[in-house]
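Here the structure comes first, spelled out in structure tokens, and everything after it is commentary.
The values are calculated or read from the model by the stated rules, or taken from the named source; none is laboratory data. This is a predicted model, so every value here is computed, not measured. Glycine gets a Cβ as well: all are built from the backbone with ideal geometry, and neighbour counts include every protein chain shown.
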Amino acid sequence: MTRHPLSHAAGAFALLLALNSCGKQEQPADVPPATPAPAPVAAKPAAPAPAKLADPVFTATPVDLNGFGSDEPVLRVNEPTRGVIVIEPKDIKHTSQQHWDQYDCVSFNAKRWGHYEVRVTYTLRNATLGTQFRFAQQPLKKTLMATSQPKCVVYGTVYVEKPTLYPFSLYAAATGNEPGFEIHEVAFVPAPEGPAPVQAADGSIVLEASSATTWSESMRFEPKSEKNCLGFWTSEDDFAEWDFEVTKPGRYKVTVVHGCGTGNEGSEVAVKLGEQELKFTVKDTGGFQKWSEEAVGEVEIKKPGKMRLVIDPVSKTKSAVLDVNKVLLTPVS
């Protein structure tokens, strides 16, 4: 048999490797380390249920009884008529132009100067009607609404500079061949010259002469700086009113700042607030614009709200009653 030395050597080497590996465990292949598990995330707390909204609260608002749903002021019940100037349809001339109707009056006669509120009572078949009232170059515009019953609306205020005849006109858009607009009355109602009184922080209230409504035919506000009063009080039928708001009720001392010329003293005057009435006798102050403070008594205002104070002469002894500069309401501590 022929021997192959290299083959025997290779076999011996393989045998040696086998013997060396006996008793040894097979090592596994390298394995990458396991990724640690993420920490558990805490669950978010459940969102609270939305709070139930409260039902809306609707507050009552004043209702305009003179024109429901409109911005017309509510006219006063049992309003005085002293000093009110009323123009009737027979004193108003109507003419038709191409694009408008014109209503003219030349008989307005003011007995005293001062502010007047213009009111027009009308009926209208059209849905709306644009109008303009003109008095001594003082224009007042108003859009009228349809009404089958006579309705009174306020146009605004005009100023009468002196007692005399004044013409005025009302212009309205043309309503067609058949007139749908009719004027029943035009009224000029006395109005205050100045702003409404405001109660001060200390509770006091000053009723200036300019803030009064003068229900009168001769008495009026005199605006000159040296006067600034209610003057020409030559009739005991004329009276003055102040409308004001009270925020701090309580008991108040009433003081009338007035003047009276020598020889005209002695007239009796009433000061009224609701059902309360105070009276005093006018004294000579040395002149109608020489002011004197007359404490006439106290009144009680029980709750906040709108108030009205009236100065109303009871009697007149001579040519004039008095002049009034202001009325003071002072809290009684």
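Residues that are within 17 Å of Thr213 (Cα to Cα) and touching a Lys or Arg at 6+ places or on another chain (Cβ under 9 Å) within region 316-333 comprise Asp323, Asn325, Leu328, listed in sequence order.
Would you check which residues across region 276-294 are closer than 15 Å to Tyr252 by Cα and touching a Phe, Trp or Tyr at 6+ places or on another chain (Cβ under 9 Å) and list them? Scanning region 276-294 gives a single hit, Glu294. Would you call Glu226 assigned by TED's automatic domain parsing to the domain that holds Lys316 and either at pLDDT below 95 or within 29 Å of the chain's Cα centre (by Cα) (or both)? Taking the combined requirement at face value, the residue satisfies it. Looking across Lys111, Lys151, one residue alone is among the charged types (D, E, K, R) and within 30 Å of Lys227 (Cα to Cα). It is Lys111. Of the residues making up region 80-113, those that are charged (D, E, K, R) and without any contact (Cβ under 8 Å) to a residue 24 or more places away in the chain number 3. The residue that is modelled with the lowest pLDDT, counting only those in region 172-202 that are within 30 Å of Glu293 (Cα to Cα) and buried (at least 18 other Cβ atoms within 10 Å of the Cβ), is Glu193.
Selection of region 138-168 for residues being surrounded by 16 or more Cβ atoms within 10 Å (Cβ to Cβ) and of a type in the set (Ser, Thr, Tyr) yields Tyr155, Thr157, Tyr166. Of the strands (runs of 3 or more DSSP E) entirely within region 179-223, those holding at least 1 residues that are farther than 21 Å from Arg308 by Cα and over 22 Å from the mean Cα position of the chain (by Cα) occupy 181-190, 220-222. The criterion of at least 1 residues that are touching a helix residue (DSSP H, G or I) at 6+ places or on another chain (Cβ under 7 Å) and at pLDDT below 95 is met by the following strands (runs of 3 or more DSSP E) wholly inside region 72-166: 100-109. Checked against (1) buried (at least 17 other Cβ atoms within 10 Å of the Cβ); (2) polar (S, T, N, Q); (3) at pLDDT below 95, Ser333 passes all but a single condition, namely (1).
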